[in-house]
Structures are given as C-alpha cells and as structure tokens.
Amino acid sequence: MKKLTFHLIGNAHLDPVWLWDWREGMNEGLITCRTILDLMDEFEELTFIRGESAIYQHIEEHDPKTFRRIVKQVEAGRWDVVGGTLIQPDTNLPATEVFARHFACGQNYFLKKFGKIARVAWAADSFGHCAGLPGIMAAAGITGFAFTRPMADVLPLEKPAFWWEGPSGARVLAYRPPVGWYGTNRDEMPKRLDASLEAARKCDLENVGVFYGLGNHGGGPCRQQLREIRKWAAAHPEIKVVHSGLHRLLDVLRAEGKELPTHRGEMNFTLRGCYASVAKFKFAYRKAEAALFRSERTESTIRSALSQPVNSAPAEWDTLLFNSFHDILPGSSIEPAYDDQIASLGGVLHHAQRIELAALNALAQQVDTRVAQPEGDHPSANAVLAWNPHPFPYRGYMEWEANLDYRELPYKGRPDEVPLRVLDASGKALPLQSVPVENLFESPDWFWRKRVVVPVELPPLGWSVFEYGWVEGAAVPATAGRDAGATPPGVIDNGIYQVRAKRGAFGVEIFRKGKNVFGGAGLSAVVVEDKWGSWGGPDAEEAKTLSQVLERWRVVRVETLEHGPHRASLWVRLAGKQSWIELTFQLYRSRDAVDVSARLLWNERHARLKLVMPMQAGSAEFDVPGAPVRRKPCGEVPGGRWVRVFGKTQKLGFASDSLYCFACHNGEFHATVARGSGYALGGGKPMPPWRPAVDCGELKFRFLLNPGNEALPVLAQTLEQPPVSIVVPAKAGRLPRAGSLAALEPAGLQLLAIKKAEDEKGLVLRVQETEGKSGPATLNWLGKKIKMGVVAAHGIATWRLRQRQNGWTVQRSDIVER
C-alpha cells in the first residue's frame with residue numbers, strides 16, 4: 001500500500017463582515033491571531049494559514065506586539081501567509097481589474113512585510129469561481145489555488161488535486177479537500193480524519209490535505225482538536241500526520257509527479273441567490289467601481305502629459321476591494337453592516353469625482369478654451385471641455401446643461417425659441433436638440449439654463465473643447481438622414497429601432513429594421529416567487545430559474561417625453577399591485593441600440609423582479625472576470641457588464657451598469673433586478689413582518705439592447721464609464737482645442753488600468769486581450785508609438801512605464817509590478 005501523508009491545514013475562516021459589522025469583524029481578526037499564537041506556544045506542532053492583507057494591516061496598526069509575533073512564526077515556517085489578496089473576494093462578480101488590484105495590493109504588502117509573496121491563493125468560502133481566474137492568478141505570481149466551494153455534489157472532480165486552466169492557457173495547481181469544508185466543528189476531528197483516510201484509499205495521491213479549525217467568526221484550531229489529532233495519529237502509525245500549510249501541501253503534490261487531470265472553464269454554481277441579493281448595495285458598488293476606474297486613468301494620463309505628479313487613491317482602492325468581500329458584494333450580511341458599507345462606497349465615489357475634476361481642470365488650464373466675444377452686454381458662450389476616458393475614439397451623443405445668462409432670458413413664454421449654438425473644436429457649428437433641464441424650479445416664463453443633446457467625436461483618451469451658448473441669429477445646421485422624430489402616440493422610431501408601448505399591454509414591443517426583436521408581449525417585467533433567503537435556494541431550484549409567476553406587470557401609463565432630430569424618448573410605467581418599474585426608452589439618430597433608464601419602486605417580500613425578453617434563446621455568452629464564458633441554459637447564473645444571447649434566428653446584446661444575475665429559460669432571456677429577501681436570511685425561512693425586506697424602496701439603473709454584434713463590449717464600457725464634460729474658464733492655452741494622449745491597438749485590447757505604480761516609480765499599464773487572438777500590442781502614448789510585445793489570446797499583460805530624459809521607457813511586468 002502507498003504511504004499516506006496527512007497535511008493538517010489549521011485555519012480560522014474569518015468573515016470581517018457578515019452577521020456583524022466591520023468593526024467587530026476586524027477586531028476579531030486580531031483576537032483570533034492572538035489566540036492562535038498562544039496555542040502555538042502551547043502546542044509546538046501547530047501550524048496555521050492566514051491570508052488577507054487587510055487583517056494583517058489591522059493587527060500591525062492596532063497591536064504591533066502581536067504583529068511582531070506573527071512575523072517570527074512566519075520566519076519559523078509555522079505561519080503560512082497565503083491568498084495574496086486584500087480580503088477574500090467574491091470570485092464571480094467583481095471586474096477583472098478588481099482582482100488584479102487585490103493581488104497587487106495584497107502581494108506587495110506581503111513582500112514588504114514578510115519578504116515574499118503568497119504562491120497559493122485561498123478561497124475558503126467564495127461562492128464559485130469564474131473561468132478566467134487562473135489567468136489572473138498566474139499573472140500575479142500565483143501557482144496554486146485551494147478552495148472548498150463548490151463542493152462535490154455540485155462540482156464532481158476526478159481528483160482532489162488537478163490543473164485548473166483558463167482560456168488564455170495559463171493554469172494553476174488547484175486543490176479541494178476530498179472531505180468536508182474549510183473548517184470543523186469542535187467534536188468533528190476524529191470523523192474528519194477517518195473520512196479523509198477512506199477517501200484517500202480511493203485515490204492514487206500520497207499527500208492529503210485535511211482542513212480543520214473552528215471558524216465562521218475567527219476561531220481556528222482548538223485544544224480539543226489538537227489533542228484528538230495526536231490521539232488519532234498515535235492510533236494510525238501507518239499514516240504520516242504532519243501539521244502543514246498550503247504552500248507545503250501543493251509543493252509536495254506537484255513533486256509527487258502523478259498524472260493530474262485538467263479542468264477547463266468555470267467552477268460554478270453555488271448559492272446562486274447571491275448574484276442578485278441586496279441590489280441597492282450592488283448598484284452602489286458598480287457605480288463606485290466604475291468611477292474609480294475612470295478617474296484613475298484620467299488622472300494618470302493627464303498628469304503625465306502635463307509633467308505633473310500623479311496622485312493615487314490607495315485608501316479608496318482598499319475600501320473598494322474590501323467591499324468585494326464574499327459576504328458583502330454577494331448580499332449575505334446584516335442590514336446595519338450594509339448601512340456602513342454603502343456609506344463607505346459614497347466616500348470612494350466622492351473622492352474619485354474630486355480626483356477627476358482636479359485632473360480635468362489641470363488640463364483645461366493648458367488648453368485653448370477661448371470662445372467668441374459677444375457684442376455689447378450679451379453674455380458670452382460657455383467653454384465645455386469634453387473628455388473621453390477610453391483608448392478608442394468615441395462617436396456618439398453627449399448632453400450638456402449650462403447657464404446661458406445669470407438671470408432669466410428675454411424669451412418669456414418661448415423657451416424653445418432661444419437661439420442656441422454649439423461649435424466643435426474647429427469652430428464648426430454642430431446640430432443639436434434642446435431637451436428638458438434637470439430642475440423643476442424654472443418655468444417657461446423664467447429660465448436661464450438650457451440642456452442640449454449634441455453629436456460629438458472625441459479622440460481616444462483625449463479631449464475636445466466645445467463652445468455652447470445663446471447666440472442671436474444662430475442657425476442650427478441641418479442633419480442628413482432620418483430624424484428620431486415625431487411618431488404616433490406610444491411609439492418612437494429612429495429608422496433602425498422602433499419601440500411601441502400601449503396601455504394595458506403586458507410588455508413593450510421592440511422592432512429592429514421592421515423585425516420583432518422579442519416574441520410574445522415583448523420586453524416585460526414579472527414578479528416570481530422567491531421564498532429562499534439571501535443565498536438562494538437549492539441548486540436544483542435555482543436551475544429552474546424560479547419560474548413560479550406571482551404577477552405579470554401591465555403597462556399602466558405611456559408618455560412621449562422627447563422627439564426631435566437627434567433623440568426620441570418614451571416613458572413607460574409597468575406596475576403590479578404594490579410595486580412598479582418606470583422605463584425611459586431612448587433612441588438616437590443612427591444609433592443601432594436602444595438605451596433605457598430604469599427606476600424601480602420595490603415593495604415585495606419573498607419575491608424577485610425579472611425583466612423577461614422572449615427570443616428563442618438557446619445559449620448566451622457572458623462577460624465575466626478574466627474572459628467571456630458561453631453557457632447553455634442552466635438556471636440563474638452570474639454575468640458582468642454584457643451578455644450576448646444566441647437565438648434561433650437572431651442575437652441580442654444586453655449591457656447594464658448594475659445587474660449581475662441572468663438566465664436563459666424556455667427560450668426567454670431573464671435579467672433579475674431585485675429580490676425581496678431578508679438580510680442574512682438562511683434557507684427558506686419566512687420573514688416576520690417587523691423584519692425589513694431587502695431593497696424596499698427605489699432603485700435606479702441603466703441598460704441597453706443591441707443586435708449582439710462586435711460593438712457590444714464597447715457599448716458596455718461607455719455605458720458604465722461615459723465620457724465626461726465640465727464647463728471651464730474661457731482663455732488662451734498652449735495646448736490645442738482637441739487632442740489625444742493615449743490609444744491602444746488593436747481594437748481587441750481592453751484597457752484595464754493606467755495607474756501610479758505601487759512603489760510610486762512611474763506608471764503601470766494593464767490590458768486584456770478580449771477577442772481570443774494572440775498578437776502584438778501597440779501603445780500610442782503622449783504622441784509616441786510604442787511597440788509593447790505580444791499579448792496572448794485572452795491574456796492579461798502588465799507593463800511599467802517610466803519617464804527618462806530621452807522619453808518614456810516600457811518594461812514588461814506582472815500584476816505584482818515586479
């Protein structure tokens with residue numbers, strides 16, 4: 001018989017937020033680590049694993065003595081620093097760059113404090129793992145991955161150890177214990193060891209990981225468990241029992257030289273309710289995430305072009321990363337905890353806005369923003385600086401609202417007759433459409449602000465100056481092609497799409513080039529029974545897509561809000577007995593997409609709201625972290641910024657700035673908006689009426705529909721991170737009225753980040769190849785074309801940019817920035 005070695009992996013799963021708030025959770029990290037250190041003094045064989053740099057930082061700041069004790073045990077080899085992330089994030093929902101930033105932050109901290117990075121990632125309790133994660137981990141110096149979910153009943157595996165390979169070909173050695181979960185109950189140790197022995201005899205591996213320790217709020221190994229391990233080892237001399245760590249376990253498994261199977265693709269699904277729980281937090285998280293991305297690349301690019309110091313936002317990034325934790329972002333914590341976490345996201349959003357505004361104002365100081373000087377006492381026009389935060393040109397529409405004077409205009413009762421003019425950077429007059437202002441203070445007799453929709457072209461990661469004002473005698477240029485103009489009541493049309501809504505109908509009909517996009521009632525909203533708690537129901541139930549319909553909402557009101565040469569808007573309210581959703585459909589001239597702003601008033605319990613799109617859906621491709629994944633209908637699944645649905649005769653593209661939960665079912669495509677569950681509600685327990693239902697109140701989000709073509713990913717990026725504009729002082733400047741600071745080639749490269757390096761020496765540029773085509777990358781940076789080398793298909797590539805006396809240099813790096 002083969003000689004077996006049991007590797008005892010002592011751990012204490014610590015949720016910094018769950019059934020408690022972050023203050024209690026972080027201090028429990030300190031308490032747990034002190035307890036483990038004391039046990040190490042008592043039991044010389046005890047070893048322990050601990051990840052999450054946020055926990056270490058908290059201990060270092062508030063209990064330096066305990067931190068020094070940890071360092072000594074790390075140096076002694078008894079304390080295994082694992083994970084490589086700031087916290088254990090959800091591994092399905094955050095953006096690709098959020099994972100990269102987790103490893104950049106965590107690994108650099110470990111390198112600085114312990115002299116080495118973690119080589120084994122650790123996901124004790126995350127609810128399934130996206131297909132692209134191996135590529136992200138490999139790019140961060142990770143060679144191994146240990147996890148416990150999904151368990152064997154959801155994800156059968158040939159062996160506990162296997163190669164997990166991502167779409168880019170990058171792979172890591174993965175390990176899921178053959179028995180149990182990450183921890184053990186206090187009296188469970190002998191049974192865990194017996195079951196591990198039985199499982200080990202059915203496998204050819206000689207090294208077996210046995211995970212143990214109390215833990216849902218810290219904890220870890222306890223005296224009873226350690227004594228029972230000694231007793232069991234003495235009774236089984238044929239088994240070598242060692243107290244170990246994840247690095248040692250995976251190193252010896254690799255050294256065994258056994259043939260290991262390869263798993264390709266995602267490792268899902270489990271606890272599917274978490275893809276939609278606590279939408280009000282998910283919506284706020286996505287907004288903060290997008291704002292931080294946009295402000296950071298804006299700041300880094302503009303400051304570099306102006307030879308000014310680049311600011312960073314380490315505290316805000318730490319906050320965002322913390323909020324991606326697998327019991328925060330998935331929606332499984334208590335209400336007071338979410339009050340704190342939503343407030344923290346507000347700080348991230350505000351800081352991102354401040355950074356972005358400062359960078360744009362710095363750019364405006366150097367740009368020629370002059371406007372024409374009016375005659376007499378007539379007010380001058382506004383100088384509008386528009387900025388494109390993407391490495392590709394933006395061609396589309398922007399909305400601007402600004403004062404035309406400082407008091408009411410002399411057009412009493414005739415607001416639509418105010419002569420408006422918009423000039424582009426070259427002085428050419430642009431066609432425009434006047435639309436309602438945001439405020440309800442002004443009236444047709446008393447107004448001085450106007451809002452316009454204007455077609456613009458902006459260079460990649462660049463700016464353009466526009467002149468917008470009230471100019472007597474100004475003529476609006478005519479526009480060729482069909483207007484998004486007046487149509488019969490309840491109908492808008494831009495020549496490509498037509499949207500129809502009728503009071504009493506069960507949905508909204510949408511046509512593209514005369515062909516009905518959806519069957520049945522069209523785009524509709526249904527409330528389905530969802531009796532399960534925060535984590536959702538059993539997998540079999542979630543795989544049925546929760547299709548017990550409680551209400552099919554009807555169209556109760558329709559209003560045409562706008563019609564004109566550039567945009568038409570249709571407002572539709574669909575309602576049930578006590579909740580409703582308002583959808584404002586917008587069609588722009590020549591735009592092959594339907595843009596929708598949604599406002600939900602939700603007041604339901606044990607139910608979820610779904611947008612339903614019948615289209616004979618057979619499968620769908622989902623934008624998920626690391627690389628897209630295509631799935632056949634399999635129930636409720638996680639998705640990211642866009643979904644491409646494949647029907648029998650046509651495709652559908654769906655993108656949103658907030659939603660994560662989707663399903664294909666009976667030929668329909670479903671997007672879950674909100675769930676009326678309870679906070680941290682387990683199983684199918686009924687909620688007492690005095691307990692709050694999650695998401696009661698108002699939710700806002702945006703989405704768009706397109707034919708599912710190659711434009712979908714770009715549309716999704718500009719939906720989530722639209723171009724930004726500010727009114728700036730009009731003055732002379734050394735920079736031209738339009739310019740580009742950076743661009744990427746080819747088009748299949750998605751910019752993940754341009755940021756200040758962790759060591760503050762230069763910048764870091766990170767991209768991802770998104771079309772499955774390996775090839776060379778070119779960066780146009782501050783007027784210079786730089787060849788960056790080959791990026792693998794679906795690969796993630798990182799470079800270090802440094803400014804030298806003879807210009808900028810580029811060096812290949814990795815996520816840790818080594």
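The values are calculated or read from the model by the stated rules, or taken from the named source; none is laboratory data. Because the structure is a prediction, the values reported are computed rather than measured. For neighbour counting, all protein chains shown are included, and Cβ atoms are generated from backbone atoms with ideal geometry for every residue, glycine included. These area figures cover heavy atoms from the full protein model, side chains too; ligands, DNA and RNA do not enter into them. Shrake-Rupley method; radii C 1.70, N 1.55, O 1.52, S 1.80 Å.
Among the GluC sites (Glu not before Pro) within the stretch 716-810, which fall in a DSSP loop and have no more than 12 other Cβ atoms within 10 Å of their own Cβ?
760
Can you show me the helix-derived [θ] at 222 nm for the chain, built from DSSP H runs with n ≥ 4 at -39,500 (n - 2.57) apiece and divided by the number of residues, rounded to the nearest 500.
-7500 deg cm²/dmol
Taking 8 Å as the Cα distance limit and 6 or more residues as the minimum spacing, I'd like the relative contact order of the stretch 663-755 as a percentage.
The normalised contact order for the stretch 663-755 reaches 15 percent.
Cα centroids of the stretch 400-419 and the stretch 168-220: how far apart, whole angstrom?
71
Counting only heavy atoms of the protein chains, get the accessible area per residue of the chain (1.4 Å probe) and round it to a whole Å² value.
39
With point charges of +1 on the Cβ of Lys and Arg and -1 on the Cβ of Asp and Glu, referenced to the Cα centre of the chain, which listed residue (124, 728, 676) lies farthest in the positive direction of the dipole?
The residue sitting most towards the positive pole is 124.
Trypsin sites (Lys or Arg not before Pro), restricted to the stretch 576-632: which are DSSP loop and have at most 12 other Cβ atoms within 10 Å?
Those that pass, being in a loop and sparsely packed, are 577.
How would the chain be classified by its alpha-carbon gyration tensor: rounded, prolate or oblate, with rounded meaning a/c under 1.5 and the a/b versus b/c comparison settling the rest?
prolate
Name the shape class, rounded, prolate or oblate, that the alpha-carbon gyration tensor gives for the stretch 533-688, where a ≥ b ≥ c are the square roots of its eigenvalues, rounded holds for a/c under 1.5, and otherwise prolate holds if a/b is larger than b/c and oblate otherwise.
In terms of gyration-tensor shape, oblate.
Can you compute the charge dipole magnitude of the stretch 236-348 about its Cα centre, using +1 on each Lys and Arg Cβ and -1 on each Asp and Glu Cβ, nothing else charged? Give it in debye, rounded to the nearest 20.
My answer is approximately 360 debye.
With a 1.4 Å probe and every protein chain left in place, tell me how much accessible area residue 2 has, in Å² to the nearest 10.
Result for residue 2: roughly 70 Å² accessible.
Within the set 113/773; 761/787; 450/513; 112/785; 116/761; 756/785, which residue pairs have Cα atoms separated by over 30 Å?
Violating the 30 Å limit, Cα to Cα: 113/773; 450/513; 112/785.
Return the carbon/sulfur percentage of the accessible area of the chain, one whole number, probe 1.4 Å, all protein chains in place.
With neighbouring chains kept in place, the figure for the chain is 50 percent.
Could you tell me which residue out of 796, 147, 505 lies farthest along the dipole of the chain toward its positive end? Charges go on the beta carbon: Lys and Arg +1, Asp and Glu -1, centred on the Cα centre.
It is 796.
Below 13 angstrom from the Cβ of residue 340, what's the summed charge of the other residues (Lys, Arg +1; Asp, Glu -1)?
Computed value for this residue: -3.
Among 99-107, 171-179, 734-742, how do they line up by average Cβ neighbours within 10 Å per residue, starting with the highest?
Ranking the peptides 99-107, 171-179, 734-742 by packing returns 99-107, 171-179, 734-742.
With angles folded into 0 to 90 degrees, how steeply does helix 53-62 sit against the dominant principal axis of the chain? Use alpha carbons for both and round to 10.
Once rounded, the angle reads 80 degrees.
Find how many whole Å separate the alpha carbon centroid of the stretch 69-140 from the alpha carbon centroid of the stretch 617-639.
26
Just want to confirm a number: the relative contact order over the chain, from Cα pairs under 8 angstrom separated by 6+ residues, in percent.
Over the chain, the number comes to 13 percent.
Pairs of Cα atoms under 8 Å, at least six residues apart: use those to get the relative contact order of the stretch 426-503, whole percent.
Averaging sequence separation for qualifying contacts and normalising by length gives 24 percent for the stretch 426-503.
In degrees between 0 and 90, to the nearest 10, how far off the longest principal axis of the chain does helix 189-200 point, with axes built from Cα atoms?
80
Give a quick list of trypsin sites (Lys or Arg not before Pro) in the stretch 241-292 that DSSP marks as loop, anything other than H, G, I, E or B, with at most 15 other Cβ atoms within 10 Å.
Those that pass, being in a loop and sparsely packed, are 258.
Around residue 622, under 10 Å between beta carbons, what's the net of Lys plus Arg minus Asp minus Glu among the other residues?
Neighbourhood net charge equals +1.
Got a sec? Charge dipole of the chain, +1 on Cβ for Lys and Arg, -1 for Asp and Glu; which of 535, 688, 487 is way out at the positive end?
Positive-most Cα among the choices belongs to 487.
Can you give me the C-alpha center-to-center distance between the stretch 12-65 and the stretch 318-348, rounded to a whole angstrom?
20
Largest first, how would 266, 42, 52 line up by accessible area (1.4 Å probe)?
42, 266, 52
In nm, to one decimal, how far is the residue 790 label point from the residue 234 one, both placed 7 Å along Cα→Cβ?
6.1
Cut-off under 12 Å on the C-alpha distance; same-chain residues fewer than 8 positions from residue 648 excluded. Which aspartates and glutamates are left, in chain and number order?
Those aspartates and glutamates meeting the cut-off are 668.
Rounded, prolate or oblate: which fits the stretch 362-518 when a ≥ b ≥ c are the square roots of the eigenvalues of the alpha-carbon gyration tensor, with rounded for a/c under 1.5 and prolate only if a/b beats b/c?
In terms of gyration-tensor shape, oblate.
Return the FRET efficiency for the residue pair residue 368, residue 429: r is the Cβ-Cβ distance, R0 is 22 Å, and the value is rounded to the nearest 0.05.
After rounding to 0.05, the efficiency reads 0.75.
Can you compute the charge dipole magnitude of the chain about its Cα centre, using +1 on each Lys and Arg Cβ and -1 on each Asp and Glu Cβ, nothing else charged? Give it in debye, rounded to the nearest 20.
Once rounded to the nearest 20, the dipole reads 1400 debye.
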